[in-house]
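Participant: The following block contains the structure, expressed as structure tokens.
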Amino acid sequence: MADHEVNESHAHIDRPGPLRGLRVLDLSRVLAGPFCTMILGDLGAEVIKVEAPRQGDDTRQWGPPFIGGESAYFLSVNRNKRSIALNLKNSKARQIVLELAKLSDIVIENFRPGVAEELGVGYETLKSVNPRLVYCSISGFGKDGPYRDRPGYDIVMQAMGGFMGITGTSEGEPVRIGVAIIDLCAGLYATIAILAALRHRDRTGEGQFIDLALFDSSVSLMTYMAGYYFASGVIPPRMGSAHPTIVPYQAFKAKDGNYIIVAIGNDRLWGLFCDAMGLKDLKDDPRFARNADRVKNRRELLERLDAAFLSRGRDEWVALLESAGVPCGPVYSMGDIFSDPQTLHRHMLVEMNHPTLGKIKIIGSPMKFSSSSVRLDAPPPLLGQDAEWVLRKLLNYSDEAVQELRRQEAI
């Protein structure tokens, strides 16, 4: 496949998605909630996205870059959804939400704590019309605790949840991970929790409320770094691309200025690595024989390896080490990622037709099933484009009723 070709064959619609038949009422905006509902939509659920009139989801204005007036940010996380614009401060619009809740299986919102209740779309209200609802509320710090009312932004969570304390170099300032990783992980946790709650509902018939906090998500991802701290009492330092307990396991600069990652996860690989690099003296040096020795003598070892990698270009090293069975890889730019043959073969770059933009490129889904299908057939919606479908077809509103809603600026 040529670099410029985009593989569309993964966008199957010939097999049902595993969540077909479920309906999601999406009251969320920005990233964590929309990322979750996009995943549910990819899996076959019908997602109805409720947006504010005129401006819509906040991310519709986040740019540049824009594509034909549409925000690239919004386009990246809102496929497979229908959009209806509702003014939730209007009682008629709130009534529409209640009617949609009756017909839905899942509700997701990410208002600040208490706002959903003020708007009349909180869990208890929607539960009263549909006790089987699985209602997921995503917020910065959760529904209780001393920080309950603080706003939740990803960079704050990366700072307070631990990521910026361990990301960056020892001599530099704390570094934010290049994507809003806490929002994205919270979206993944929300998806997992919703699927678990649906399983509970299958057994018991009852829905439930899910309280999911960005802060909790960030803390949970500390995993082995927290384990090191619990075991030793030592606060893990910032180490750049290096690993605290595996050496060498990091980036090295090659002769051409590009970087290669090497991951020597055991002592057998260390031997293969030294042979491929032509560093027999290091292989035979007792200071570096075992991983524990290499961690202890990290500085001396890395001085030798830094110098060695400057003798060849990145791609030469990758080819040489890969042929020797050494785990390694180039540090890719976005252009590298989306022209790589593995990316294309795995259908992680696809195109879909947008109603105003023509063909747009999107990231594919990492979920591949043997008997089900992932949906990649509905582009991110224009603001409010599905109002007529939702009101007339789904809720059976008359033409006159729809016009009255527009007159009252409820939609």
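Participant: Tell me which of these Leu282 doesn't satisfy, since it passes every other one: (1) touching a residue at least 40 places away in the same chain (Cβ under 8 Å); (2) out of contact with any His (no Cβ under 9 Å at 6 or more places or on another chain); (3) crowded, with 16+ Cβ neighbours inside 10 Å.
Facilitator: (1)
Conditions tested, residue by residue: (1) out of contact with any strand residue (DSSP E or B) (no Cβ under 8 Å at 6 or more places or on another chain); (2) within 27 Å of Ser241 (Cα to Cα); (3) modelled with pLDDT of 95 or more.
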residue: Arg312; (1), (2), (3): yes, yes, yes
residue: Val318; (1), (2), (3): no, yes, yes
residue: Cys328; (1), (2), (3): no, yes, yes
residue: Phe338; (1), (2), (3): no, yes, yes
residue: Asn353; (1), (2), (3): no, no, no
residue: Ser370; (1), (2), (3): yes, no, no
residue: Val374; (1), (2), (3): yes, no, no
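Participant: When you go through Arg132, Arg150 one by one, which is the residue that is surrounded by fewer than 24 Cβ atoms within 10 Å (Cβ to Cβ), basic (Lys, Arg) and touching a residue at least 24 places away in the same chain (Cβ under 8 Å)?
Facilitator: Arg132
Participant: Identify, please: which residue in segment 339-350 is touching a residue at least 12 places away in the same chain (Cβ under 8 Å) and assigned to a loop (DSSP other than H, G, I, E, B) and is, among those, surrounded by the fewest Cβ atoms within 10 Å (Cβ to Cβ)?
Facilitator: Pass one, segment 339-350, residues touching a residue at least 12 places away in the same chain (Cβ under 8 Å): 339, 341, 344-350.
Imposing the further condition that a residue be assigned to a loop (DSSP other than H, G, I, E, B) reduces the set to 339, 346-348.
Numbers: Ser339: 16, Arg346: 14, His347: 20, Met348: 18.
The qualifying residue surrounded by the fewest Cβ atoms within 10 Å (Cβ to Cβ) is Arg346.
Participant: Further question: List the pairs whose first member sits in segment 261-273 and is in the same structural domain as Asp285 (by TED's automatic domain parsing), whose second member is charged (D, E, K, R), and whose Cβ atoms are under 8 Å apart, counting only residues at least 6 apart or on separate chains?
Facilitator: Asp267/Arg290; Trp270/Lys283; Trp270/Arg294; Gly271/Lys283
Participant: When you scan segment 21-108 for helices (runs of 4 or more DSSP H) that lie fully inside it, which ones turn up with 1 or more residues that are without any contact (Cβ under 8 Å) to a residue 24 or more places away in the chain?
Facilitator: Working: elements: 32-42, 72-76, 91-102.
Once the helices (runs of 4 or more DSSP H) in segment 21-108 are filtered for at least 1 residues that are without any contact (Cβ under 8 Å) to a residue 24 or more places away in the chain, what remains is 72-76, 91-102.
Results for (1) part of a strand (DSSP E or B); (2) without any contact (Cβ under 8 Å) to a residue 60 or more places away in the chain; (3) under 33 Å from the mean Cα position of the chain (by Cα), shown as yes or no for each residue.
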| residue | (1), (2), (3) |
| --- | --- |
| Ala292 | no, yes, no |
| Glu303 | no, yes, no |
| Ala319 | no, yes, yes |
| Val326 | no, no, yes |
| Gly329 | yes, no, yes |
| Met352 | yes, no, yes |
| Lys361 | yes, no, yes |
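Participant: Going through Ala410, Ala378 one at a time, which residue ends up being touching a Gly at 6+ places or on another chain (Cβ under 9 Å), closer than 30 Å to Asn90 by Cα and assigned to a loop (DSSP other than H, G, I, E, B)?
Facilitator: On the way: Ala410 fails: touching a Gly at 6+ places or on another chain (Cβ under 9 Å).
Going through Ala410, Ala378 in turn, the sole match is Ala378.
Participant: Name the single residue that is surrounded by the fewest Cβ atoms within 10 Å (Cβ to Cβ) among those in segment 170-220 being closer than 26 Å to Gly152 by Cα and among the hydroxyl-bearing types (Ser, Thr, Tyr). I'd like the intermediate steps shown before the answer.
Facilitator: Taking segment 170-220 and keeping what is closer than 26 Å to Gly152 by Cα, we get 172-197, 208-220.
Subset that is among the hydroxyl-bearing types (Ser, Thr, Tyr): 189, 191, 217-218, 220.
On the way: Tyr189: 22, Thr191: 19, Ser217: 23, Ser218: 24, Ser220: 15.
Top of the filtered list is Ser220.
The values are calculated or read from the model by the stated rules, or taken from the named source; none is laboratory data. Since the structure is predicted, the reported quantities are computational estimates derived from the model, not experimental observations. Cβ: placed from backbone, ideal geometry, glycine included. Neighbour counts: every protein chain shown.
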